[in-house]
Amino acid sequence: MRASGLLLPTLRDAPGDAVATSHQLLVRGGFVRQVGAGLWSYLPLGFKVLQRTMAIIREEMDAIGAQEMLMPVMHPAELWRQTGRYDITALFKLKDRVGRDLVLAMTHEEVIAFHAAAEVRSYRDLPQIWYHIQTKERDEPRPQAGVLRTREFIMKDAYTLDRDRDGLDEGYAKHEVAYDRIFTRAGLEFWKVESDTGMMGGFGAHEYMAPCPAGEDRVALCQNGDYAANVELAVSVPDRPAFPPSQAPAEVETPGVATIEALAGYLGIDARTTMKAVIVVPEDARGGLVLALVRGDHRVHELKLTKALGTSFRPATPEEIRDTFGADPGSIGAVGVGDGALREVLVDDVLTDGAYVAGANRTGHHLVGVEHGRDFTGRVVDIRHVEADERCVVCGGALRIETAIEVGNIFKLGTRYAEALGATYQDENGREQPIWMGSYGIGPARILASIAEQRHDQHGLLWPLAVAPFDVWITAIGGGEALDEADRIEEELARDGLKVLVDDRALSPGVRFADADLIGVPIRVTVGKRLAKDGTVGVKLRGGDGEQSVPAGDAVRHILGVADGVPV
RNA sequence: CGGGACGUGGCGCAGCCUGGUAGCGCACGCGCUUUGGGAGCGCGGGGUCGCGAGUUCGAAUCUCGCCGUCCCGACCA
């Protein structure tokens, strides 16, 4: 392909509102353009990368026996009402001309269950794996980071249909194999981490996370690789401080002390031997105040607390705290709270061991020697945020926390959707049984963007050969003879399946080299004055050092060798 | 949804405070020169200054309203 006929709108400067590296480079390189908030077009270059990514996904999905199909983006609202998902705020809703309610799908569990209900009759029809690669719509409150979080995006979503939980586990395991291969082939650094199953429950889930600074998730990783989890549900073993000997709770004066730091400093004690009181108001019909307790140096994880409460919540106001506890916010504790004053007390499980300094519910006073079970009780839950350098629960190794973007997820749904939509089969005994479902998503655009996040240098992108828009970029300098030679090399390489761009644009060589670097094609060939001088062309790897001079006649063989040797 | 910022040729920006009819760099077109790392000279095209009201003799500039976009937070089945 000739560059002169290709849409290559490269920019020297990134748009001022591009913050994430992938956003800047993909726009500058002419891969994508923004149409509106969270709405993007893929220009020819970007679409080539997207298509190669999707081709890898297709190959690996087909390899585990998945069957590709295509389902509509627009669904009757009724399907979503039946599963209780019609009220999701991020769901786009619309009406047709006669007022029928429709939704724009954010995933396809409903339609899959609808088809399963209609077409699957017998246990002999199972298992099935169905997937499609289709547009998804989500009314995101805040699209961001270019192509990383958008309102419309393409997703590969697959669904397993099985007779029972064992079948689901097998389908799930197949997807683990396929996903490992997909992300590896795409050249991504990634981790498979345990993930939250959300408010919908489910029987387990993992996310595939690509580390990158623009990511919006945090994951906890063990140094020995035997534990990896999203911090939304990650657990750890915190270090244990030295506690003072057990004693009956004793009140001490702490005038003006309102923070853990001040408390530890004032009393000259380890902050890890203090207790932090967080007072929240659940936002459901029941109302009331909840006292959530974590160790002084720990943070409450909001999603964990939400799950423990079973509802969203807001912080209590200082007035609400004073009305209920009779003390200012800095002096609140669990001991001596009147019966019925609170909806409940939540105790982080770390606090079940040790004697702590806690608020006395008397402004300017704290209690020393407070012990769980003896001095206070409550529902013991995990509500704390895992921190770096805590210990792995599996092997005791050190944990680290990394920022990452979710590029895929796998989810054991169970029978929830099947039951809601009547997707059943008859077992060997003629009994009607619900179909067990799993769902498995991959975001090709996120793969593309996280490759850009992970693989770039000061000059531009460094695509892996498997998804690069072209395998080889030939810069032909000086016109006629060089261009003829470039075309000849392209023709021969094409016979071996390599995608080649011949840059014949009437631009100075410097500009064209800079574009080639920015666009990040893995193998670079220069056909220029050395062709006439000594019959050689230049070959180099993007990101590699040094160009090799190769006789033009050996160029094709040499390039093929280089292509074989390029690491993923 | 709460907080903040920004909207001026395709991209990056100045002009706004202090009102007088729009400018710079890159990109683009033409000509000549140049051709192995973002070339030089000359000529040239392109802007409802986000939209709508208002104030004023006069608004990119001041006032009000709306729209859009980005960032932080919340949200994210």
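Counting other beta carbons within 10 Å of each Cβ, put A:28, A:100 in order, fewest first.
On the way: A:28 21, A:100 11.
In increasing order of surrounding Cβ atoms, one gets A:100, A:28.
Take the Cα gyration tensor of the range A:1-131, multiply each eigenvalue by 5, square-root it, and list the three semi-axes largest first, rounded to whole angstrom.
Working: eigenvalues 271, 109, 31 Å².
Whole-Å semi-axes of the equivalent ellipsoid: 37, 23, 12.
Once you have the alpha carbon radius of gyration of the range A:273-342, what is it after dividing by 2.2 N^0.38 Å, with N set to its residue count? If you can, show how the numbers build up before the last one.
Working: Rg = 11.8 Å, N = 70, 2.2 N^0.38 = 11.1 Å.
Normalised Rg, Cα atoms only: 1.07.
For the range A:307-411, what value does the Rg/Rh ratio take when both radii are computed over Cα atoms and Rh is the Kirkwood radius, given to two decimals?
Numbers: Rg = 17.6 Å, Rh = 16.6 Å.
When Rh is taken as the Kirkwood radius, the ratio is 1.06.
Using the per-residue mean of other Cβ atoms lying within 10 Å as a proxy for protection, in what order, highest first, do the peptides A:80-89, A:375-384, A:187-196 fall? Each step should come with its number before you reach the end.
Values: A:80-89: 14.6, A:375-384: 18.5, A:187-196: 20.1.
Put in order of decreasing packing, that is A:187-196, A:375-384, A:80-89.
Antiparallel DSSP bridges in the range A:250-381: what percent, to the nearest 5? Let's see the in-between values first.
Details: 17 of 26 bridges.
Restricted to the range A:250-381, the bridges split so that about 65 percent are antiparallel.
Can you compute 3J(HN,Hα) from phi for each residue in the range A:499-510, using the Karplus curve 6.51 cos²θ - 1.76 cosθ + 1.60 with θ = phi - 60°, rounded to whole Hz and x for Gly and Pro?
These are the phi-based 3J(HN,Hα) values: 8, 10, 10, 9, 8, 9, 5, 7, 10, 5, x, x Hz.
Determine, for A:108, A:115, the number of other Cβ atoms within 10 Å of each Cβ, and report the residues in order from fewest to most.
Values: A:108 26, A:115 19.
By the 10 Å Cβ count, ascending, the order reads A:115, A:108.
Kirkwood hydrodynamic radius, computed over distinct alpha-carbon pairs, for chain A: how many Å, to one decimal? Intermediate results must be reported in sequence, preceding the final value.
On the way: mean 1/r = 0.0363 Å⁻¹.
With all distinct Cα pairs of chain A included, I get 27.6 Å.
With θ taken as phi - 60° and the coefficients 6.51, -1.76 and 1.60, list the Karplus ³J(HN,Hα) couplings across the range A:254-270 in order, rounded to whole Hz; mark glycine and proline as x.
9, x, x, 8, 10, 10, 4, 4, 5, 4, 4, x, 5, 8, x, 10, 6
For the range A:470-565, what is the convex hull (Cα atoms) projected area averaged across all directions, in square nanometres? Don't jump to the answer; show the numbers that get you there.
Working: hull surface 21.8 nm².
Quarter of the Cα hull surface area: 5.4 nm².
Just need the relative contact order of the range A:470-565 here, percent rounded to a whole number, with Cα pairs under 8 Å and 6+ apart.
29 percent
For the range A:389-399, take each phi angle, set θ = phi - 60°, evaluate the Karplus expression 6.51 cos²θ - 1.76 cosθ + 1.60, and give the result in whole Hz per residue in order, putting x for glycine and proline.
6, 6, 9, 5, 6, 8, 10, x, x, 6, 9
Which of the lysines could a cross-linker bridge to residue A:276, judged by Cα under 24 Å and excluding same-chain residues fewer than eight apart?
A:304, A:307
Output needed: percent of Cα pairs per 5 Å distance bin for the range A:199-286, bins running from 0 to the one holding the longest distance.
Distribution as computed: 2, 8, 12, 14, 12, 13, 15, 12, 8, 4, 0 percent.
Using the alpha-carbon centroid of each, what span in Å lies between the range A:309-385 and the range A:498-548?
First find each Cα centre; the distance between them is then 67 Å.
Normalised by the number of residues in chain A, what is the relative contact order in percent for Cα pairs under 8 Å and 6+ residues apart?
On the way: 1220 pairs, mean separation 97.3, N = 568.
Computed over chain A, the figure is 17 percent.
Which lysines, if any, have their Cα less than 16 Å from the Cα of residue A:174, not counting same-chain residues under 8 positions apart?
List returned: A:156, A:192, A:412.
I need A:208, A:123 ordered by Cβ neighbour count within 10 Å, fewest first. Show your work: numbers first, answer last.
Details: A:208 27, A:123 18.
Final ranking by Cβ density, sparse to dense: A:123, A:208.
Semi-axes of the equivalent ellipsoid of the range A:250-381: what are they in whole Å, largest first, if each equals the square root of 5 times a C-alpha gyration tensor eigenvalue? Mind showing how you got there, number by number?
Working: eigenvalues 100, 51, 36 Å².
Largest first, the range A:250-381 gives 22, 16, 13 Å.
Among A:326, A:311, A:369, pick out the residue whose Cα is farthest towards the positive end of the charge dipole of the range A:286-434, where Lys and Arg carry +1 and Asp and Glu carry -1 on C-beta, about the Cα centre.
Highest projection toward the positive end goes to A:326.
Based on the alpha-carbon set only, what is the convex hull volume of the range A:406-529 divided per residue, in Å³? Display every interim value, and only then the final one.
Working: hull volume 20.0 nm³, N = 124.
Hull volume normalised by residue count: 161 Å³.
Sequence-distant or interchain residues sharing an amide H contact under 5 Å with residue A:380, placed H: which?
The answer is A:347.
Report, in deg cm²/dmol and to the nearest 500, the calculated mean residue ellipticity at 222 nm for chain A, where each DSSP H run with n ≥ 4 adds -39500 (n - 2.57) and the sum is divided by the residue count. It would help to have the intermediate numbers written out before the result.
On the way: 14 runs with 151 residues, N = 568.
Taken over chain A, the calculation gives -8000 deg cm²/dmol.
For chain A, just give the cysteines left without a disulfide-compatible partner, judged by no other Cys Cβ under 4.7 Å.
When partners are defined as cysteine Cβ atoms under 4.7 Å apart, chain A leaves A:212, A:395 without one.
Based on the Cβ-Cβ distance of residue A:488 and residue A:68, what FRET efficiency does E = 1/(1 + (r/R0)^6) give at R0 = 35 Å, to the nearest 0.05? Kindly include the intermediate steps, with their values, before the conclusion.
On the way: r = 38 Å, r/R0 = 1.09.
Step by step, r from the Cβ atoms, then E = 0.35.
Highest first, please rank the peptides A:10-23, A:482-495, A:245-258 by the mean number of other Cβ atoms sitting within 10 Å of their residues. Let's see the in-between values first.
Working: A:10-23: 15.4, A:482-495: 17.7, A:245-258: 12.8.
Packing proxy ranking, top to bottom: A:482-495, A:10-23, A:245-258.
Since every read-out is calculated from the coordinates, none of them should be taken as a lab result. Note that the coordinates shown come from a computational prediction; the quantities given were computed from them, not determined experimentally. For neighbour counting, all protein chains shown are included, and Cβ atoms are generated from backbone atoms with ideal geometry for every residue, glycine included.
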